[in-house]
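One structure is given below, encoded as structure tokens.
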Amino acid sequence: MPNGEEEEMVVTPWTVSGKIDYSRLVEEFGTQPLTEDILKRIEKHAGELHQQLRRGLFFSHRDMDWILDTYESGRRFMLYTGRGPSGPVHVGHIVPWIFTKHLQDVFGSKLIFQMTDDEKFLVNSGFTTKMSTGFAYDNALDVIAMGFDPKKTQILMDIKDVGVFYELAVTIAKRITFSTVKATFGFNDSSNIGIIFFPAIQAVPAFLESLLAGENVPCLIPAAIDQDPYWRVTRDVASKLGYFKPAQIHCKFLPGLGKGGKMSASLPETAIFTTDSLDVAEKKIRNAFTGGRPTVEEQRHAGGDPFICPIYYYEYYLFEEDDERLQEVCDECKSGELLCGDHKIMLAEKVKEFLKEHQKKREKAKDVLEDFLFKAP
Ligand code: TYM
């Protein structure tokens, strides 16, 4: 898939391309924009507005107001998020996980984290189940490295744990027609029947806690907006089965290091993987596209454009927490004071620091992996 922005926007769980118009997605997917009122309510509980909310990275929702009503009336809600283990984790994937961890800290919620090794086996023609399951266990180390509470977090490995949830999966699947998933996901006569059934499996964790607890537990799903088709189907089924509709809070996509396009594992030279060596990460950043001018003279004279620049976006989304410092960087870029080469070095230092720490945590996670794996009650 070309990495440009000229193509038509496509956002599905398996393909994100073209220039993303987030307002159009809110309209087309039928979600709600995150309002000031909701942000204020979250801020009240958190004590401050998380960077990803302050910077508009999370931008849309369904029923977030209901989740807050529920919590404010003294009821708990659970969190559900996940990963399709098709390779190493990149820093785009961890965006919703950082926020999920924040929500767990603030609201004390239990989290079910689903590893869809079945999905990735089904959609990648060259994959064996061993490959996707292998990545699932590897990626679980990244999840644990985010700092989730081991007492409140369970990682569900689809292929291993299917016995726990198969009954619920078929109960869900019976209420979804082929025509619905065809219209929602674009399946056709050449789609394998495994992937046609799969939306029922991704719906499972939204109801699993309710099933196991024997009472309806509200569920909130933080994820990028590419996963939304799954939730549309899940929400349709919920009322038919007597469960609450799961709520969602959606984030935008962290861009790749190239010109336009989201960070994607299929373009490894423009993605920073959590397992990249520090040298490799630095090299990728040095080779990144920027919003700069062709020559230093032009840059000094006319300034750069931070709003098309992945280097600036990385600071904005992940690596510069301080709003004032971020504004300075933005101004210095626009005025031509900050040159792209220097900005790349600044970012590379921050990314390397992050990777060094994250990789240490990944190593430590090996000792506690077992504690996080889903245990049937
Ligand atoms: P996957 O592995 O494609 O993506 C994992 C999570 O990362 C989000 N994401 C991104 N966020 C910001 N910037 C990006 N460039 C970027 N790329 C991906 C995805 O939205 C997702 O939240 N089918 C799912 C696995 C899954 C799941 C879930 C995800 C199962 N249950 C519940 C979220 C919530 C998948 O393949 O995700």
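The values are calculated or read from the model by the stated rules, or taken from the named source; none is laboratory data. None of the values given here were measured: they were computed from a predicted structure. A quick note on method: Cβ atoms are made from the backbone with ideal geometry, for glycine too, and the neighbour counts reach across all protein chains shown. We work out accessible area using only protein heavy atoms, side chains counted, and drop any ligands, DNA or RNA first. Shrake-Rupley method; radii C 1.70, N 1.55, O 1.52, S 1.80 Å.
Table: residues versus (1) in a helix (DSSP H, G or I); (2) open to solvent by 10 Å² or more (accessible area, probe 1.4 Å); (3) within 16 Å of the ligand (Cβ to nearest atom).
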{"residue": "327", "(1), (2), (3)": "yes, yes, no"}
{"residue": "330", "(1), (2), (3)": "yes, no, no"}
{"residue": "338", "(1), (2), (3)": "no, yes, no"}
{"residue": "354", "(1), (2), (3)": "yes, yes, yes"}
{"residue": "357", "(1), (2), (3)": "yes, yes, no"}
How many of the residues in region 250-281 are of a type outside the set (Gly, Ala, Ser) and over 23 Å from residue 141 (Cα atoms)?
6
Considering only region 111-156, state which residues are closer than 25 Å to residue 76 by Cβ and over 18 Å from the mean Cα position of the chain (by Cα).
149, 150, 151, 152
For region 200-227, give me each residue that is more than 24 Å from residue 34 (Cβ to Cβ), in contact with a strand residue (DSSP E or B) (Cβ under 7 Å, 6 or more places away or on another chain) and open to solvent by 10 Å² or more (accessible area, probe 1.4 Å).
209
Sort through 206, 224, 247, 265 and tell me the only one that's touching a residue at least 60 places away in the same chain (Cβ under 8 Å) and within 13 Å of the chain's Cα centre (by Cα).
224
Answer yes if at least one residue in region 248-269 is crowded, with 22+ Cβ neighbours inside 10 Å and on the phi > 0 side of the Ramachandran plot, and no otherwise.
yes
Looking at region 122-142, is at least one residue near the ligand (Cβ under 10 Å from one of its atoms), touching a strand residue (DSSP E or B) at 6+ places or on another chain (Cβ under 6 Å) and not small (Gly, Ala, Ser)?
yes
Would you list the strands (runs of 3 or more DSSP E) that sit entirely within region 153-262 and hold 2 or more residues that are near the ligand (Cβ under 10 Å from one of its atoms) and either modelled with pLDDT of 95 or more or of a type in the set (Gly, Ala, Ser) (or both)?
219-224, 247-251
For region 70-111, what are the residues that are open to solvent by less than 10 Å² (accessible area, probe 1.4 Å), part of a strand (DSSP E or B) and either more than 11 Å from the ligand (Cβ to nearest atom) or not aromatic (Phe, Trp, Tyr) (or both)?
78, 79, 81, 90, 111
If you go through region 37-57 one residue at a time, do you hit one that is open to solvent by 20 Å² or more (accessible area, probe 1.4 Å), in contact with a Ser or Thr (Cβ under 7 Å, 6 or more places away or on another chain) and without any contact (Cβ under 8 Å) to a residue 24 or more places away in the chain?
no
Which one of 293, 300 is in contact with a Leu (Cβ under 9 Å, 6 or more places away or on another chain), among the basic types (Lys, Arg) and more than 15 Å from the ligand (Cβ to nearest atom)?
300
Test: residue 33 is open to solvent by 40 Å² or more (accessible area, probe 1.4 Å) and within 14 Å of the ligand (Cβ to nearest atom)
no
Using the structure shown, decide if residue 56 is in contact with a strand residue (DSSP E or B) (Cβ under 8 Å, 6 or more places away or on another chain) and within 14 Å of the ligand (Cβ to nearest atom).
no
State whether the residues of region 273-296 include one that is part of a helix (DSSP H, G or I), more than 25 Å from residue 17 (Cβ to Cβ) and at pLDDT below 90.
yes
Scanning region 227-244 residue by residue, those touching a residue at least 60 places away in the same chain (Cβ under 8 Å) and of a type in the set (A, V, I, L, M, F, W, C) turn out to be 231, 237, 241
Please state which of the following conditions residue 114 fails to meet, knowing it meets all the rest: (1) closer than 25 Å to residue 274 by Cα; (2) assigned to a loop (DSSP other than H, G, I, E, B).
(2)
